[in-house]
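One structure below.
The values are calculated or read from the model by the stated rules, or taken from the named source; none is laboratory data. Because the structure is predicted, anything quoted here is derived from the model rather than measured. For neighbour counting, all protein chains shown are included, and Cβ atoms are generated from backbone atoms with ideal geometry for every residue, glycine included. In case anyone asks, the SASA skips ligands and DNA or RNA and just uses the protein heavy atoms, side chains included. Shrake-Rupley method; radii C 1.70, N 1.55, O 1.52, S 1.80 Å.
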Amino acid sequence: MANTSELIAVKTKGYAAPAAGAPLAPFSFERRELRAHDILIDIQYCGICHSDIHQARNEWGEYQEESIFPMVPGHEIAGIVTAAGDKVTKYKVGDKVGVGCFVDSCRTCEECKRGLQQYCSVKTVWTYNARDFEGNPTHGGYSDKIVVDENYALRIPDNLPLDGAAPLLCAGITLYSPLRHWGAGPGKKVAIVGLGGLGHMGVKLAHALGAEVTVLSHSLKKQADAKRLGADHFYATSDPETFTKLKSSFDLIVNTVSAELDWNEFLQLLKVDGTMVIVGLPEKQHEIAAFSLTAGRRSLAGSQIGGIAETQEMLDFCGKHNIASDIEVVPIQKVNEAFERVVKSDVRYRFVIDISTLKK
Ligand code: NAP
Ligand code: ZN
Ligand code: ZN
């Protein structure tokens, strides 16, 4: 265990968006000194989630109290513990760990007690673009180090590679949580809308859970990939016949798309008592016709990442089933290019930044 008194303000290097929509550029800052329950993580890889782009470009301004710049994005963090505070019991130096979308919550409200820290009724402290309980801005994983309370870190199974495991911390749990909550498993027909970073994890996880999986993609381009990832069926939503053919087919639809789609059309694809869960976060509001829900006693729901215990359960499940993300590793100097390619759906299926390239 490290002598925490030596670790005053951890000097950290990263990439930040200096202002909304501005290209990311090198940025140096300090992480807090280690408290008794903190661990220091040497970040090795960080996934690029579409949410990083939405926030760096301030596309959710309407729904957020504030957007904080300079902003160091990144909430799919994988690395190695290099120091631990005096009272840390869960991790030791050398452990493979991850950090997801949040780094703290009130710990006492009903939701926190139920392990639903992502819905904390007081405040979920997001990994970046937020303020901690002292009011200091948080910074994410496009950086070489992070200090986090041991209760908000996750253990990455030894058999998973750190680069392919990084996207599990957001994309993985964002799909695992609704699949589990709405009972995806044997005998259930599940559709995943959008085969991107989230969607491809949804296919792998729903398949491993034993469900019959259909991918609804906006073109036919990803058909072969979808089958390889574990999908049983594939349809292009650009073909209007898809909506006739698949009427009343699914028990569960998980919609990962942030572009504009007519949700009413997709609701028609649910069986009686089926549920469509929204996880994609479009800028614009959608109109829902009451008839889309009443005909078939259908439900429209939403879901946001997952709590700490469930995220650990997902990582252990992925370890057991050897599931990691399909990734393209990029140096941090290419992050702006990677953002552009994500927006164009030109990634198979997640960019992961090799943080060692920060030293270049
Ligand atoms: P992504 O990798 O860009 O994937 C989105 C997918 O949507 C694309 O691969 C594409 O799949 C489809 N798509 C893109 N443009 C489209 C268009 N014009 N029309 C129809 N479909 C289109 O993004 P991601 O990282 O998976 O994130 C998806 C969304 O989820 C984002 O809004 C993100 O902020 C949000 N998110 C939510 C949570 C949560 O907790 N709820 C967590 C993480 C992210 P096809 O080519 O197959 O159509
Ligand atoms: Zn994310
Ligand atoms: Zn709480």
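Some notes on this structure:
- Here each label is just a point 7 Å from Cα along the line to Cβ, and for Tyr63 and Ala236 those points are 3.0 nm apart.
- At least 18 Å along the helix axis (C-alpha) and Kyte average at least -0.5, DSSP helices within the chain: 308-321
- Of the accessible area of the chain, computed with a 1.4 Å probe over protein heavy atoms only, carbon and sulfur atoms account for 50 percent.
- Relative contact order (%) - criterion: Cα under 8 Å, at least six apart; region: the chain: 18
- Max mean-square fluctuation residue, GNM over the chain, Cα-Cα springs under 10 Å, options His75, His37, His50: His37
- Shown here for the stretch 21-66: GluC sites (Glu not before Pro) in loop regions (DSSP other than H, G, I, E, B) with at most 15 other Cβ atoms within 10 Å, namely Glu65, Glu66.
- Relative contact order %, the stretch 41-124, counting alpha carbon pairs below 8 Å whose residues are six or more apart: 25
- Simple spin-label estimate for Lys344 and Asp262 in nanometres, 7 Å along Cα-Cβ: 2.9
- Helix-only CD estimate at 222 nm, as mean residue ellipticity for the chain, using -39500 (n - 2.57) per DSSP H run (n ≥ 4): -6000 deg cm²/dmol
- Taking 21 Å as the straight-line reach from the Cα of Lys204, the lysines in range (excluding those fewer than 8 positions away in the same chain) are Lys188, Lys189, Lys221, Lys222, Lys227, Lys320.
- Each other residue within a Cβ distance under 11 Å of Asp225 adds +1 if Lys or Arg and -1 if Asp or Glu, for a net charge of +4.
- For the stretch 310-360: relative contact order, % (alpha-carbon pairs under 8 angstrom, 6 or more apart): 42
- Mean-square fluctuations from a GNM of the chain, with a 10 angstrom spring cutoff on Cα atoms, peak among Leu281, Leu220, Leu252 at Leu220.
- Computed magnitude of the charge dipole of the chain (debye, nearest 20; Cβ of K, R +1, Cβ of D, E -1): 620
- Low-density loop cleavage sites - trypsin sites (Lys or Arg not before Pro) in the stretch 290-347, where at most 13 other Cβ are within 10 Å (DSSP): Arg297, Lys344
- Choice from Gly183, Gly79, Gly194 with maximal GNM fluctuation in the chain (Cα, 10 Å cutoff): Gly183
- Solvent-accessible surface (1.4 angstrom probe) belonging to Ser299, in square angstrom, nearest 10: 50
- Of the GluC sites (Glu not before Pro) found in the stretch 263-360, the ones in coil according to DSSP and having at most 15 other Cβ atoms within 10 Å of their Cβ are Glu283, Glu287.
- Rounded to whole Hz, the Karplus (6.51, -1.76, 1.60) HN-Hα couplings of the stretch 140-152, x for glycine and proline: x, x, 7, 7, 8, 9, 9, 10, 9, 4, 4, 6, 10
- Surface accessible to a 1.4 Å probe, per residue, for the residues of the chain, Å²: 43
- Estimated FRET transfer efficiency when R0 is 30 angstrom, pair Phe29-Lys90 (beta carbons, to 0.05): 0.70
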